[in-house]
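Taken together, the values in this text are just the output of simple stated rules run on the coordinates, not laboratory data. Since we're looking at a predicted model, the values are computed, not measured. Positions of Cβ are generated from backbone atoms using ideal geometry, with glycine treated the same way; all protein chains shown enter the neighbour counts.
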């Protein structure tokens with residue numbers, strides 16, 4: 001009996017003590033760096049939660065709380081509080097395919113056939129103008145544009161990617177940067193072997209960085225032979241980094257694959273063991289049902305680029321079929337030379353409008369679907385689905401604050417409709433990546449905008465001289 | 001000999017005198033109200049002239065000079081000079097089809113099938129909420145948005161059009177306003193006879209106004225019987241005002257026309273003597289080659305609405321075929337409920353991208369073509385081609401100044417490419433209609449923006465209550 005009462009005393013004492021500690025710790029507001037409160041929080045989480053009068057708390061580089069303003073305010077003690085009333089707080093946009101420095105060629109040559117455009121303008125311009133300095137200025141200009149328009153993560157394929165990495169480091173963005181490997185002489189590598197060696201050095205230099213994910217970017221199945229495709233693939237596998245490739249962009253590519261290998265471009269890449277979950281395939285327009293299954297089976301992420309596909313008249317990617325098959329699908333702008341900007345809000349709007357028309361179904365690719373593709377879908381497609389793409393505790397603090405005050409956004413019935421159908425990149429007021437504020441009240445803090453614009457204008461004169 | 005020398009003297013004297021007068025008069029600077037100087041002037045005149053370091057002089061409501069800054073500066077003496085360096089001066093945009101007050105329904109119901117959208121949302125909302133007050137607030141909100149995004153002339157079809165006219169009068173815009181006639185009970189007329197009477201009163205009240213062109217707007221061939229279509233047509237002819245009608249928007253309309261009359265919608269309207277040069281037909285998607293010839297033969301103007309046709313999955317208007325046939329073709333946004341905004345820069349971009357893809361030809365519908373449709377093409381389609389749509393001496397001073405300073409507009413190789421592919425309505429800095437500055441440095445001068453936005457938000461609560 002005495003023994004029993006001793007056990008009871010200890011048990012009761014322990015329970016009371018634990019309860020007190022638990023109550024105290026839940027009552028004790030956690031110290032955090034930043035609290036965004038009072039706005040409409042569009043989480044794009046698995047339940048698609050939209051929180052009116054919501055809040056997001058950020059500590060260091062991480063989101064630590066998402067909920068109603070009252071809930072979150074009682075749980076945290078913030079060093080800085082930003083009132084987001086009347087605005088939308090949402091995940092930063094993920095641009096799954098671009099060639100950042102090509103902003104230097106935007107509007108240089110439009111309304112031309114693809115080969116004419118490439119052969120008479122883009123290739124000569126690239127041969128004569130792409131230098132590390134050109135890439136630095138172009139990437140900085142692109143970074144400015146992306147920060148301004150709410151892109152927080154982008155996937156790049158270009159030359160001198162190590163220069164782009166330095167710009168991204170300074171700009172504060174998150175990126176997957178693929179050093180290009182291509183058969184013909186490129187500005188930074190005369191032959192593929194040199195490109196492969198450059199890619200390896202680039203990957204070694206940046207692997208493990210918290211924001212910059214180096215990658216290997218074999219250009220396409222029609223611009224590289226099997227040996228080089230496999231070499232690029234093996235290099236990426238060895239270092240466990242992503243592989244970026246253009247895939248099935250044009251009908252011409254499909255013809256080449258059929259003539260040379262008797263396969264579709266997708267079928268060919270599978271046949272040489274190229275495909276896997278670290279592959280991000282840009283475009284994926286000319287794919288069969290079987291191709292979609294192949295891409296799904298190998299866990300390949302796909303980047304849909306509606307504006308580029310329209311402007312270059314490439315064709316229409318089967319977006320609803322990709323989604324139905326469960327392929328991880330993101331949106332991209334492609335390079336600004338074929339867009340002509342890097343505004344992911346435009347990409348969302350275009351995706352919804354294009355596929356409704358193409359499928360002759362106004363219910364197709366809803367605003368919600370486009371928003372998902374531009375955020376969590378893209379994040380998953382590029383292997384960052386656990387880090388970014390939605391507002392959830394534990395994820396990286398990559399988010400944007402979007403104004404809803406314009407006459408064209410008034411009245412506001414449905415925030416997601418407005419984000420897709422009436423919002424522009426210019427409506428973004430604040431951009432945060434990895435917990436760092438890159439733009440505040442429309443002013444970019446990490447880059448010298450005036451200087452970059454001036455440098456771009458100076459460089460543009462050389463570009464003008466390089467084309468007919 | 002003496003006779004001859006006398007003739008010579010008089011001749012020489014007369015030539016010297018005339019020359020002196022001419023030199024003096026061309027040297028004497030003309031007094032004008034406003035000089036825009038130093039910018040890139042995109043005239044959209046018949047030669048497509050783009051003047052670097054150009055100027056436009058405005059006196060009263062009229063453009064009096066267009067040329068190089070040096071040329072124009074020496075010819076005029078301006079009360080006010082606006083430096084437009086680094087910006088584009090261009091004709092105001094002509095929105096050839098909208099339903100202005102429907103901005104109140106933007107984003108209310110998206111991603112739905114057309115009939116579901118109309119029958120479950122738009123018609124119930126209209127039945128319960130469209131009052132003169134609703135129309136006043138909606139039209140003011142639309143006017144704000146149009147002034148902000150560079151539309152200077154718009155074509156409207158709605159109810160209580162007399163209320164819209166008052167708003168347009170105050171806002172300072174130019175408009176063609178069509179009082180709607182429709183078979184079923186409308187918010188402002190229980191039966192078509194009442195609508196016809198209201199239309200006549202409206203036309204009588206506003207005919208001859210310098211900016212407001214009253215019109216008659218029979219809704220469509222499937223929502224009116226022959227008697228009412230002809231009555232509307234005769235009313236418009238009697239007063240020599242435009243006739244606005246929806247035409248061949250959906251495949252369903254084509255089916256109805258075929259079943260009921262064994263004709264296309266266009267063929268049917270021709271068969272009842274409806275068509276003529278005062279008709280502006282919105283959409284024109286489901287037209288045959290023969291229909292295009294019919295429209296051309298009767299001088300019908302056509303309004304192409306790419307975003308609405310995409311969002312509602314209506315189909316693709318054969319734009320290149322219209323243009324090849326010489327039909328006067330303009331661009332429109334349609335109502336904001338199916339767009340979801342009134343930004344004509346978006347309409348231009350969408351027109352170019354859509355038709356390149358649809359025709360599988362990246363040369364189709366160039367930036368220049370879209371710009372022409374959005375300005376002079378639209379002006380001609382609505383019968384105002386001699387008054388507006390291009391910057392030429394003698395035309396009404398309807399023009400806009402567009403910023404080119406954004407990172408997404410840098411560098412600038414081709415102003416017309418940038419206007420179509422990377423410019424937004426929000427880049428418009430100044431809007432001038434009939435010589436009056438409606439917006440200066442992004443601030444609307446003719447309307448109380450804060451009050452209108454607040455009224456719209458209040459009214460939106462009633463709209464929310466009216467739908468499921």
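A few comments on the model shown:
- Counting every pair of alpha carbons in region B:77-123, the share spaced more than 11 Å apart comes to 79 percent.
- For region A:127-208, the fraction of alpha-carbon pairs in successive 5 Å shells from zero, as %: 3, 16, 26, 24, 17, 10, 4, 1
- Here the peptides A:91-99, B:116-124 are ranked by packing, the mean other Cβ count within 10 Å, and the order with the highest first is A:91-99, B:116-124.
- For residue A:464, the point set 7 Å out from Cα toward Cβ sits 5.2 nm from its twins in the other copies, listed from shortest up.
- Reciprocal mean inverse distance between Cα atoms of region B:180-273 - Kirkwood radius, Å: 13.8 Å
- If you wrap the tightest convex hull around every Cα atom of region B:293-393 and split its volume per residue, you get 104 Å³.
- Distance distribution P(r), region A:345-402, all Cα-Cα pairs, bin width 10 angstrom from 0: 24, 43, 25, 8, 0 percent.
- Dividing the radius of gyration of the alpha carbons in chain A by their Kirkwood radius gives 1.04 for Rg/Rh.
- Over all orientations, region B:33-132 has a Cα convex hull whose mean projected area works out to 10.5 square nanometres.
- Here is the size of region A:408-461 from its Cα atoms: Rg then Dmax, 15.6, 47 Å.
- Value at 222 nm in deg cm²/dmol, rounded to 500, when DSSP H runs of n ≥ 4 in chain B each add -39,500 (n - 2.57): -12000 deg cm²/dmol
- The mean number of partner chain beta-carbon atoms within 10 angstrom of a residue's beta-carbon across peptide A:398-406 is 1.
- Over the C-alpha atoms of the protein assembly as shown, the Rg to Rh ratio, Rh being the Kirkwood estimate, stands at 1.03.
- Here, P(r) means the percent of Cα pairs in each 10 Å bin from 0 to the largest distance; for region A:371-468 it is 13, 29, 31, 21, 6, 0.
- With Cα atoms, 0 to 90° folded angle of helix B:449-466 axis to chain B main axis: 20 degrees
- For the protein assembly as shown, the share of DSSP beta bridges that are antiparallel, to the nearest 5, is 45%.
- Cα-derived Rg over Rh, computed across region A:242-341 with Rh taken as Kirkwood radius: 0.95
- Summarising the label geometry, the points placed 7 Å from Cα in the beta-carbon direction at residue A:255 and residue B:296 lie 3.1 nm from one another.
- Given R0 = 51 Å, the distance between the Cβ atoms of residue A:277 and residue A:8 translates into a calculated FRET efficiency of 0.35.
- Label positions at residue B:205 and residue B:454, each projected 7 Å from the Cα along the C-beta direction, are separated by 2.8 nm.
- Cα-based helix-to-principal-axis angle, A:2-27 vs chain A, degrees rounded to 10: 50 degrees
- 20 Å tail of the calculated P(r), region A:161-227, as % of Cα pairs: 29 percent
- Axis angle, to the nearest 10 degrees, between helix A:161-171 and the longest C-alpha principal axis of chain A: 40 degrees.
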